[in-house]
1. Considering each residue of region 179-208, count those that are surrounded by 18 or more Cβ atoms within 10 Å (Cβ to Cβ), of a type in the set (S, T, N, Q) and assigned to a helix (DSSP H, G or I), and give that number.
2. Would you please name the residue that is farthest from Glu16 (Cα to Cα), looking only at residues in region 87-108 that are in contact (Cβ under 8 Å) with a residue 12 or more places away in the chain and surrounded by fewer than 17 Cβ atoms within 10 Å (Cβ to Cβ)?
3. If the requirement is being among the basic types (Lys, Arg) and at pLDDT below 80, which of these qualifies: Lys475, Lys408, Lys455, Lys459?
4. Got a sec? Which of Tyr192, Tyr165 is modelled with pLDDT of 50 or more and among the aromatic types (Phe, Trp, Tyr)?
5. Among the residues of region 350-403, how many are of a type in the set (Asp, Glu), in contact with a strand residue (DSSP E or B) (Cβ under 8 Å, 6 or more places away or on another chain) and more than 30 Å from Ser456 (Cβ to Cβ)?
6. Look at Asn417 and say whether it is modelled with pLDDT of 85 or more and over 29 Å from Tyr324 (Cβ atoms).
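The values are calculated or read from the model by the stated rules, or taken from the named source; none is laboratory data. Since the model is a prediction, treat every value here as computed from it, not as a measurement. Using ideal geometry, Cβ is built from the backbone for each residue, glycine included, and neighbour counts are taken over all protein chains shown.
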Amino acid sequence: MATKIENKSNSAGQEEEMNLLRDHFKDNIRILSSIGQFSYILKIRADQYDVSLTLQLDGSYPKKPPEIIITAPRLTPDQILLVQKLLQSYSETLRNQPMILSIYSRLLKWFDENNIQALTININNNTSTPRSPTNGRLLSPTASINNHNKISHNDEHNNEEIKKYSMKTADDIISYIECDNRLDKHYIRVGYIDHILGLQEKPFNDFDFKTDLSTINDRHTNILDISKNRIQHFKYANEIIWDKKSHIDLIFGSTGNQQTIDDIIKRHENLIETKSAQDEKPIDMDHNLSTKRYLTLTDGLYKPNYLISIPINDSSIISHYIAYREHLLSTYPSIFSSSSSHILLIDPHHLHLTLLTLRLESSLQIEQCILALKRIQEEIHYHCSYPERICLEFHGIDTFHSKTLFIKCQQNNRLDNLRTLTIERLYEQQQKHKMNNILFAGNYQEFIPHIIIFKSKRKFLSIHQNETNDIYFGKQFIDALQLSSISTNENEQQMYHCIFKLDLS
């Protein structure tokens, strides 16, 4: 009985501390709850030193200190290990009391003690320049943080172009969207924080904004009720029109952005006109199938020539794939005969699970896409690794329109979130660094993760009808993403060539 009461007390204390941390750090903290063995996982950014402090709290916190992870590109591996040990030892002295702010303050003090220069971020040209560290003696954890906040506030005050505190709220954006008939709500998507799953994104029409609740009910109903302070961004046809963290406001222009919503509407109207003026080849459609919705407006206008995928390199999956392909070749020889140029078999060494497809039209765009992937590597790695590595499980077969036979990947919310996160961060990089347009092309809102076995220009109903669906291929962790080109051989069959691999191991 005493243990249950103690756990309940810990839970209440943790929740109270999380609320205080949200108020204190604002947009510089990310809090996930009920993740695996941890009751909370916190990631706090100290942008003045380009460092992230990750703290993993289990149910016994603060009786038991959190596990501490430091991510700091400016530090050497030895320095990172040193500061992690320092903070972990320091946290042992703070048992049975709220300690997150104190740990964060001790981290800042370590940078100051080691004369590591702080950074001043120039938002206009996306460069960082060093400035002198704060040399004042640390009187207390709270005093140090307040002093740091005062410095940050003065920096923002001196930059007249940063109108951070006058930014319109999510509530203002919702009211505008509801009133502006020019905006097709089918193209609007809302990004929000789910306390369990992290960043999520759903269509605007899926929400009920007339009710402001603190929890999301999408596990029980098709209508979402969400607290507006958890909204992170709004997108129109995959272009961000409001983003809390990046201080983008293209609706009201409250943060000084040069683009406006009128520019975005006009740009996409022009895309629609361009598409309607093109001569389109007749498509062999199955009218019994439901119409799929493209992820963005550009997805339906352009043909993809690159893809970002997860390479499949598990030996067990590959061996099962080869064995099943040999079974198909021997069972259906007429379909896979040498004269059947309409069949595309995938090389076992090029197996992959596609996350999204792109249209890159120049070598500059390819280089910019690779650079953008490198910039988001840390966050992607963190998403795929904590609290445990994402494990993909492949079981069963299915088809797309009876022309593509594929291996099914079992439902995985973290994989869905990885796709959303990758799209979000690529677009943010595009906006932040003013890159040439990297167009999303060929993607649907519905994400069906799979490994292709073969493609055909003709329907092959007999195969899927005769084959059992109860085939197990294996499991694999996500240890990399790859950017690959999509080319066509002399038989007009798609070929894939990896040009860049992002290591996540």
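1. 0
2. Filtering region 87-108 for residues in contact (Cβ under 8 Å) with a residue 12 or more places away in the chain gives 87-88, 90-92, 94-108.
Applying the additional criterion that residues be surrounded by fewer than 17 Cβ atoms within 10 Å (Cβ to Cβ) yields 88, 92, 94-98.
On the way: Gln88: 22, Glu92: 21, Leu94: 17, Arg95: 17, Asn96: 14, Gln97: 12, Pro98: 10 Å.
Applying the filter and picking the extreme gives Gln88.
3. That would be Lys459, the only listed residue that is among the basic types (Lys, Arg) and at pLDDT below 80.
4. Numbers: Tyr165 fails: modelled with pLDDT of 50 or more.
Being modelled with pLDDT of 50 or more and among the aromatic types (Phe, Trp, Tyr) holds for just one of Tyr192, Tyr165, which is Tyr192.
5. 1
6. Considered against the rule, which asks whether it is modelled with pLDDT of 85 or more and over 29 Å from Tyr324 (Cβ atoms), Asn417 comes out as yes.
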